Amino acid sequence: MSQPEKPTDAMVLSNINALAIQAQSCLDSEYQRSDNCLLFTHQYKNGGFESMELFKDRLAVIFKKDPDEGLKATEQIIIIGNAVVFLARS
């Protein structure tokens, strides 16, 4: 029985990018129950958080390979975090 493939750095960065785009759409809506926020929440709960953890674990390697991509992903993590905080407010 083969083990599931480990995500590549490119896959992790792509997942972070997709999640950040949805997070920004949520923030732009300025409404916690908007379709964009509901979709972001779904993406975050279904693999998004894991992608952020993988990025954190691979941060040094990603920055060493491509500092620009590492910086871009770090900025995207901030956007994602801002959306999480926005949604956590009651």
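Some observations on this one:
- Enumerated helices (runs of 4 or more DSSP H) restricted to the chain, each holding at least 3 residues that are polar (S, T, N, Q) and either in contact with a strand residue (DSSP E or B) (Cβ under 8 Å, 6 or more places away or on another chain) or open to solvent by 30 Å² or more (accessible area, probe 1.4 Å) (or both): 9-29, 35-43
- Being on the phi > 0 side of the Ramachandran plot and not charged (D, E, K, R) is not true of Gly81.
- Look at region 10-32: where a residue is farther than 19 Å from Phe55 by Cα and a partner is surrounded by fewer than 16 Cβ atoms within 10 Å (Cβ to Cβ), sitting 6+ places away or on another chain with Cβ atoms under 7 Å, you get Cys26/Ser34; Leu27/Asn82.
- Residues (closer than 25 Å to Thr74 by Cβ and either among the hydroxyl-bearing types (Ser, Thr, Tyr) or under 15 Å from the mean Cα position of the chain (by Cα) (or both)) located in region 23-42: Ala23, Gln24, Ser25, Cys26, Leu27, Ser29, Asn36, Cys37, Leu39, Phe40, Thr41, His42
The values are calculated or read from the model by the stated rules, or taken from the named source; none is laboratory data. This is a predicted model, so every value here is computed, not measured. All Cβ positions, even for glycine, are placed from backbone atoms using ideal geometry, and neighbour counts span all protein chains on display. Only protein heavy atoms, including side chains, enter the accessible area calculation; ligands, DNA and RNA are left aside. Shrake-Rupley method; radii C 1.70, N 1.55, O 1.52, S 1.80 Å.
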